[in-house]
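Here is the structure we will look at.
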């Protein structure tokens, strides 16, 4: 058994999601090889070689991989795949974009977003936004897998001493190109990877009132989210939406403020370690999933909390 | 320009799914079914492009039993011109669906194919990428903006931490994310009109595609139930619990 992990990186450093993926890879048994495809990515390759549990690093340093275009990276994965029984990547937008393409090139199914390794061919994964957990067994010779980072601890970024082998690129498909990138400038962490998320719902009543949520979030170093109702009411943009059709979050602390707890919202937060609900309606369904509930007026609670944090 | 839109019939996003007692799957009998919300966004985008005069024909395709014709009709009520129903029973994995769509791409020669980024039942997020691979065409996944010009599609993609824009030669495969648009509700006259639009039936055999599953679902379980929580009296107690009991702040 030999496992290939496609590393997510920014050419200089390895993205933390890769460390979680390597933990899942190690659970399969067998040697773990990390594939680092990038441009001027020597520093990231050196960093990958130090990760605990990595036996070898393959570094494909080529302009075709400068922006992780799926067309080019998937083809590289395909050309290397023959030597491996498993190919893993983090279930981030990076891995989700590239891996199914690589799987189809290999004529293999993909097992998306695994949360547990039950055996070399058997895995657990959430379906219906985590409202059910499926155990699936693959009959394919190469298992192509994406890994949900929150379900596996990160392996240590230091402690390993793998050899770095430079490999040739597999060329540029030539029909796609990178135009630009616009990373959000917010000082707040990103919703899907934040350790604390503070979300507001229709109870906030207006876009202006979301400042109350932001004030608490800033005190906690938290990301700001919203229910679909708040998004539909135009309080915040769509990318704030947490829930089955929005972003799935799994922070250490999720605070739902003025959110009643519709099914589709609950589906997106249920893997949070601790859920806090603040709502003046004590009948709100959100209280049934909350670890700590506070039945109170959010317009009094939020300023008080901002002051006391 | 001609476009192919792929849609999936799934359990409505407002329904609380229940795992079957024998752990073979989730309960789907007498459960409200709807078009996958991300696919609805894909249909809406296609219709807007047609209204803008960029697109001349929208072909909507869905695979499954006879009931998926309802989903095709919904897309036609929103504005799609004609439908293709790939008639087959049983579970279809994304790889199989991608192969079916590839066969239709070969036959229909669309300028691009658009679908939702993920179905809210199996949450796979694979079909668009797989179709891109099989057709050897570029992909624009998780699209929040789509601009067509000069034989190219400029797609703004939602990535972790922000947005990325790529330029793709057509034909391409696009997968829609939430921010691409807000789907319309079909009007009653349009629902009536959709009833008269043609739906062609094909089978995987006719398309020359083997849809045998590669994965076996051994069981489907309820997720661990969250332990009942407590109600705190005020902000002080809440902060105290979070700091000293849960230790999360």
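The values are calculated or read from the model by the stated rules, or taken from the named source; none is laboratory data. Keep in mind it's a predicted model, so treat the numbers as computed, not measured. Note that each Cβ is placed from the backbone with ideal geometry, even for glycine, and that neighbours are counted across all protein chains shown.
Just one residue in the set B:235, B:248 is modelled with pLDDT under 95, in contact with a helix residue (DSSP H, G or I) (Cβ under 7 Å, 6 or more places away or on another chain) and either farther than 22 Å from residue A:101 by Cα or at the interface with another protein chain (Cβ under 8 Å from one of its Cβ atoms) (or both); that residue is B:248. Looking across region A:247-299 at every residue that is assigned to a loop (DSSP other than H, G, I, E, B), within 11 Å of chain B (Cβ to nearest Cβ) and free of Cβ contacts under 8 Å to residues at least 24 places away in the same chain, the one that is nearest to the chain's Cα centre (by Cα) is identified as A:273.
Taking the criterion of being surrounded by fewer than 13 Cβ atoms within 10 Å (Cβ to Cβ), facing chain A (nearest Cβ under 7 Å) and either modelled with pLDDT under 95 or assigned to a loop (DSSP other than H, G, I, E, B) (or both), no residue of region B:203-221 qualifies. Would you mind stating whether residue B:173 is under 21 Å from the mean Cα position of the chain (by Cα), under 24 Å from residue B:122 (Cβ atoms), more than 7 Å from chain A (Cβ to nearest Cβ) and part of a strand (DSSP E or B)? Here the answer is yes, as residue B:173 does meet what is asked. Only one of the numbered conditions (1) more than 14 Å from chain A (Cβ to nearest Cβ); (2) buried (at least 22 other Cβ atoms within 10 Å of the Cβ) is violated by residue B:100, and that is (1). Has region B:157-164 got at least one residue that is at the interface with chain A (Cβ under 10 Å from one of its Cβ atoms) and modelled with pLDDT of 95 or more? Yes: one or more hits. Selection of region B:187-209 for residues being closer than 28 Å to residue A:107 by Cβ and without any contact (Cβ under 8 Å) to a residue 60 or more places away in the chain yields B:205, B:206. The residues of region B:11-25 that are surrounded by 13 or more Cβ atoms within 10 Å (Cβ to Cβ), in contact (Cβ under 8 Å) with a residue 60 or more places away in the chain and either farther than 26 Å from residue B:131 by Cβ or more than 9 Å from chain A (Cβ to nearest Cβ) (or both), listed by number, are B:19, B:20, B:23. Just to be sure I understand, how many residues within region B:232-249 are surrounded by fewer than 14 Cβ atoms within 10 Å (Cβ to Cβ) and not in a loop (DSSP other than H, G, I, E, B)? Adding up the residues that qualify gives 5.
Restricting attention to region B:103-124 and to residues that are free of Cβ contacts under 8 Å to residues at least 40 places away in the same chain and closer than 22 Å to residue B:10 by Cα, the residue that is surrounded by the most Cβ atoms within 10 Å (Cβ to Cβ) turns out to be B:124.
Within region A:93-106, the set of residues being surrounded by fewer than 24 Cβ atoms within 10 Å (Cβ to Cβ) and at the interface with another protein chain (Cβ under 8 Å from one of its Cβ atoms) comprises A:93, A:94, A:105. Where strands (runs of 3 or more DSSP E) fall entirely within region A:163-209, those with at least 2 residues that are away from chain B (no Cβ under 11 Å) and in contact (Cβ under 8 Å) with a residue 24 or more places away in the chain are at A:163-166, A:196-200. Filtering A:153, A:182 for residues that are in contact with a helix residue (DSSP H, G or I) (Cβ under 8 Å, 6 or more places away or on another chain), at pLDDT below 95 and surrounded by fewer than 16 Cβ atoms within 10 Å (Cβ to Cβ) leaves a single hit, A:153. Looking across region B:120-135, just one residue is closer than 11 Å to residue B:93 by Cα and more than 7 Å from chain A (Cβ to nearest Cβ), and that is B:127. Restricting region B:176-202 to residues that are within 14 Å of chain A (Cβ to nearest Cβ) and in contact with a strand residue (DSSP E or B) (Cβ under 8 Å, 6 or more places away or on another chain), which is surrounded by the fewest Cβ atoms within 10 Å (Cβ to Cβ)? Residue satisfying both the conditions and the ranking: B:179. The selection criterion, being farther than 29 Å from residue A:265 by Cα, more than 17 Å from the chain's Cα centre (by Cα) and touching a residue at least 40 places away in the same chain (Cβ under 8 Å), does not hold for residue A:122. Of the helices (runs of 4 or more DSSP H) contained entirely in region A:1-107, those carrying at least 3 residues that are in contact with a helix residue (DSSP H, G or I) (Cβ under 9 Å, 6 or more places away or on another chain) fall at A:16-27, A:70-80, A:93-105.
Residues that are over 20 Å from residue B:120 (Cβ atoms) and touching a helix residue (DSSP H, G or I) at 6+ places or on another chain (Cβ under 7 Å) within region A:234-252 comprise A:235, A:236, listed in sequence order. Flag: residue B:5 matches the condition of being away from chain A (no Cβ under 14 Å), part of a strand (DSSP E or B) and touching a strand residue (DSSP E or B) at 6+ places or on another chain (Cβ under 8 Å). Out of curiosity, is residue B:145 more than 8 Å from chain A (Cβ to nearest Cβ), surrounded by fewer than 22 Cβ atoms within 10 Å (Cβ to Cβ), in contact with a helix residue (DSSP H, G or I) (Cβ under 9 Å, 6 or more places away or on another chain) and without any contact (Cβ under 8 Å) to a residue 60 or more places away in the chain? Criteria met by residue B:145.
For residue B:89, the test of being under 14 Å from residue B:9 (Cα atoms) and away from chain A (no Cβ under 13 Å) is passed.
For region A:118-135, residues that are in a strand (DSSP E or B) and either within 9 Å of chain B (Cβ to nearest Cβ) or surrounded by fewer than 23 Cβ atoms within 10 Å (Cβ to Cβ) (or both) total 11. The one condition from (1) under 23 Å from residue B:139 (Cα atoms); (2) touching a strand residue (DSSP E or B) at 6+ places or on another chain (Cβ under 8 Å); (3) buried (at least 22 other Cβ atoms within 10 Å of the Cβ) that residue A:74 does not meet is (2).
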